[in-house]
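Undergrad: Attaching a single structure in structure tokens format; questions to follow.
Nothing in this text is a laboratory measurement; each read-out follows from the coordinates by a stated rule. Note that the structure is predicted; figures quoted are calculated from it, not measured. Every residue, glycine as well, gets a Cβ built from its backbone with ideal geometry; the counts of neighbours run over all protein chains shown.
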Amino acid sequence: MTSLATTPRRSRRLATQHTRAPESLPAILVLGGSIVGLGATNGGYFPASWGWSALLFSWSALLALLVRERVLVSHSELAFIAAVGTLLAWTALSLLWTWSTTATMYEVERTLVYATFVAALLLLATRAHVEAVLATMLAALVALAFYGLATRLLPGRLTTFDPIATYRLSKPLGYWNGMAAISASGSLLAVGVAARARSPVARGLAAASLVVLVPTLYFTFGRGGWLALLVGLVSMIAIDPRRLQLTTTLLVVAVWPALALWRSYQAKGMTSDFSPLSTATTDGERLAWMLAILSVAAFAATALYAMVAERTTVGAGLRRVWAGLLIVVAVGGVGTVVVASRGPAEITTRALHSIHQSSPNVHGDQTRRLFSLSSNGRLETWSSALDEAAAHPLLGTGAGTFEAWWLQHRKRVLDVKDAHGLFVETAGELGFVGLGLLVLMIAIPASAAVSARASPYVPVAFGGLAAFVAHAAVDWDWELPVVTIGGLALACCILVSARESSSEHVVRRRGRAVAGITLLVVSAFAFVAMIGNRSLGQAAHAAHRADAVNAARYARRAAGWAPWSSEPIRIEADSALERGAITRARSLYARAIAKDPHNWELWVGLALTSDGTARTHALARAAALNSLDPVIRELQG
């Protein structure tokens with residue numbers, strides 16, 4: 001006989017062994033601070049966030065090497081660090097054949113953030129810290145989701161009310177599908193903490209957070225987020241040896257977010273395009289009160305369930321009956337859906353028809369988007385990325401170059417920067433070598449999760465990792481550091497949980513010295529990149545204000561700190577052109593083209609400052625790089 005809701009004694013001893021809050025504080029601060037900090041700055045999408053992030057992580061790792069008496073890492077962790085580091089090295093190596101040095105250096109800077117984060121968390125965390133680290137990650141994701149949801153519940157107060165902008169929740173990350181990704185990850189963590197936390201209060205708080213996370217996911221109207229949530233739940237349950245306890249807890253806590261979802265669906269003023277501000281405000285305030293009530297109910301019910309289950313033992317026979325009932329209900333539910341949809345053939349036909357639609361036809365009702373399988377242009381970008389990989393199978397065209405490839409080969413006017421798919425884009429930009437490194441990076445923690453699945457939180461972290469991979473496969477999560485860092489944190493938690501004394505490796509003095517020197521070099525590069533990106537941002541901001549003098553001044557400073565980039569030179573050239581300094585502008589455009597010959601905008605700039613044969617040649621080159629651009633066609637006459 002065993003308890004239905006508590007962890008086994010052995011797992012509990014493992015979870016509580018040597019747990020001290022001060023010891024876990026560095027890992028908590030690094031993870032929580034980075035998620036909230038990056039989330040508050042557009043998810044870390046812009047280069048200005050990468051320098052300080054890499055500095056924070058590299059210094060944290062360096063301090064761990066200097067302060068800790070014994071630094072322990074397992075063979076799996078060393079393999080994971082090596083995989084991430086090799087992917088970074090291959091990204092940097094693609095500078096030798098890239099179509100765009102500027103774009104590739106941006107990818108190097110971003111990937112450096114991920115590599116230093118992995119090093120920092122693995123050096124700071126121990127098995128005793130895993131529960132605290134996952135709880136911190138959940139709290140940080142809830143904080144971001146709470147702010148985002150508040151902008152919808154209180155339109156006009158926390159943000160400008162703009163019903164025309166597709167009416168999808170995107171703040172604070174700036175991208176609705178990014179918000180969907182972190183909401184799905186947070187929901188999976190909430191279920192896991194509600195099932196595995198030692199304190200009834202912690203379980204109740206985790207359940208209450210679902211009343212925030214699920215409506216946030218809903219108001220993004222992102223279909224990929226729901227796909228990721230489903231994949232994560234299935235993966236979590238499939239790998240968990242105590243899946244019956246997990247499933248039972250899921251049924252208990254799911255009631256409240258389900259009610260919140262239903263009430264959110266009823267708030268038509270928050271789901272329909274062009275709703276008046278007054279209607280959205282009224283519906284938002286009503287929903288806010290309802291969510292507050294449901295949060296309290298979720299906390300109380302789950303905490304009570306945890307306390308009762310703690311004191312209740314269930315026989316093996318009753319457990320088998322309960323498991324059988326759950327299986328019957330699940331199979332019956334799937335069968336009902338299939339029958340109601342007129343069979344598998346009809347489902348397949350509808351799905352294929354829907355996925356080939358260019359975009360969901362919502363007719364002003366954003367909830368219709370959730371019931372459409374339209375690829376929204378993704379089939380085109382995926383196909384183009386695969387064509388890129390086929391044309392350059394081994395090396396790719398260089399990290400960050402998909403946009404240049406797309407503009408050169410697209411069949412219709414559709415402006416995208418990314419392929420909206422991590423794996424196909426990696427294959428196109430870094431070849432199958434880069435794709436193999438990416439797959440290896442994911443396979444290492446996945447394999448560790450299988451071997452360490454008896455650890456209480458490993459199935460939870462594995463479910464979150466599976467959700468991240470599923471969502472990244474259909475979107476540009478890699479370009480949102482707050483999303484990718486969440487996925488990497490889950491991978492690190494799996495690896496740390498899988499540590500065994502037999503596989504642990506003590507980092508000796510020589511190893512510490514090598515790692516320390518590497519981190520110092522990385523820190524120096526991150527600092528240089530940070531100053532360069534900051535100056536470049538100031539130049540772009542000045543140019544946006546039509547302040548040509550300051551734009552040129554900041555651009556020259558940025559060029560000194562980021563000599564590999566064509567962007568500062570382009571901004572200075574644009575400023576010179578705006579001031580009427582044609583000769584100076586032409587010279588600057590030519591310099592920028594030498595760094596970035598596949599940038600069609602630079603060729604247009606050169607054409608605007610040239611005449612005769614030089615102008616014709618520049619326009620021809622621009623057209624070859626972006627044949628469907630209307631500006632180029634107009635200039636060509």
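Undergrad: For residue 634 and residue 611 in one chain, what is 0.36 nm times their gap in residues minus the Cα-Cα distance, to one decimal in nm?
TA: 6.7 nm
Undergrad: To continue, here is another question. Highest first, please rank the peptides 64-76, 600-612 by the mean number of other Cβ atoms sitting within 10 Å of their residues. All intermediate terms of the calculation are to be shown ahead of the outcome.
TA: On the way: 64-76: 15.1, 600-612: 20.4.
Put in order of decreasing packing, that is 600-612, 64-76.
Undergrad: Same structure, new question: Quick one: give the max-minus-min coordinate of the C-alpha atoms of the range 443-502 along each principal axis, largest first, in Å.
TA: Sorted largest first, the three principal extents are 38, 18, 16 Å.
Undergrad: Right, something else. Pull up all non-local amide H partners of residue 314: gap of 5 or more, or a different chain, and H-to-H distance under 5 Å with H placed in the peptide plane.
TA: 2, 3, 4
Undergrad: A further question on this structure: When the dipole is taken about the Cα centre of the chain, and only Lys, Arg (+1) and Asp, Glu (-1) are charged at their Cβ, what size is it in debye, to the nearest 20?
TA: Here the size comes out at about 1620 debye.
Undergrad: Using r as the Cβ-Cβ distance of residue 329 and residue 383, and R0 as 25 Å, what FRET efficiency do you calculate, to the nearest 0.05?
TA: Once rounded, the FRET efficiency stands at 0.05.
Undergrad: Which order do the peptides 452-463, 142-153 come out in when sorted by mean C-beta neighbours inside 10 angstrom, highest first?
TA: Listed from highest to lowest mean packing, they are 452-463, 142-153.
Undergrad: Right, another one. So what does the Cα-only Debye profile of the chain read at q = 0.05, 0.07, 0.09 Å⁻¹, as log10 I(q)/I(0), no solvent term?
TA: With one equal scatterer per Cα and no solvent, log10 I(q)/I(0) is -0.25, -0.49, -0.80.
Undergrad: Still on this model: Could you work out the helix-only [θ] at 222 nm for the chain, with each DSSP H run of four or more residues adding -39,500 (n - 2.57) and the total divided by the number of residues, to the nearest 500 deg cm²/dmol?
TA: -24500 deg cm²/dmol
Undergrad: Using label points projected 7 Å from each Cα along Cα→Cβ, tell me how many nm separate residue 307 and residue 266, to one decimal.
TA: Rounded to a tenth, the inter-label distance reads 3.0 nm.
Undergrad: Tell me the relative contact order for the range 70-145 as a rounded percent, counting alpha carbon contacts under 8 Å between residues six or more apart.
TA: With pairs under 8 Å counted, the relative contact order is 34 percent.
Undergrad: Turning to a different aspect of this structure: Mind jotting down a quarter of the surface of the convex hull over the alpha carbons of the range 451-547, in square nanometres, one decimal?
TA: Reported value for the Cα convex hull: 9.8 nm².
Undergrad: Compute the acute angle (0 to 90°) between the alpha-carbon long axis of helix 48-67 and the principal axis of greatest extent of the alpha-carbon atoms of the chain; round to the nearest 10°.
TA: Helix 48-67 sits roughly 50 degrees off the main axis of the chain.
Undergrad: Which order do the peptides 115-128, 541-554, 523-536, 171-184 take when ranked by the mean count of other beta-carbon atoms within 10 Å per residue, highest first?
TA: Going from most to least packed, we get 171-184, 115-128, 523-536, 541-554.
Undergrad: Sticking with this one: On a full-extension model of 0.36 nm per residue, what is the gain between residue 96 and residue 512, subtracting their alpha-carbon distance, rounded to one decimal in nm? Please list the in-between numbers first.
TA: Numbers: separation 416, 0.36 × 416 = 149.76 nm, distance 3.09 nm.
Length gained between residue 96 and residue 512: 146.7 nm.
Undergrad: From the mean inverse distance of alpha carbon pairs (Kirkwood) and the Cα radius of gyration, derive Rg over Rh for the range 203-346.
TA: 1.04
Undergrad: Taking R0 as 35 Å, what FRET efficiency do you get between residue 556 and residue 78 from their Cβ-Cβ distance, rounded to the nearest 0.05?
TA: 0.20
Undergrad: Calculate the spin-label point distance for residue 587 paired with residue 286, positioning each point 7 Å from the Cα along the beta-carbon direction, and give it in nanometres.
TA: Simple spin-label model gives 6.8 nm for this pair.
Undergrad: What shape does the range 521-636 have by the C-alpha gyration tensor, where a ≥ b ≥ c are the square roots of the eigenvalues, rounded means a/c under 1.5, and otherwise prolate means a/b greater than b/c and oblate the rest?
TA: prolate
Undergrad: A follow-up question, please. What's the whole-number percent of alpha carbon pairs in the range 76-234 lying beyond 18 angstrom?
TA: 68 percent
Undergrad: Among the lysines, select those whose C-alpha is under 22 Å from the C-alpha of residue 268, and discard any that sit fewer than 8 residues away in the same chain.
TA: 171
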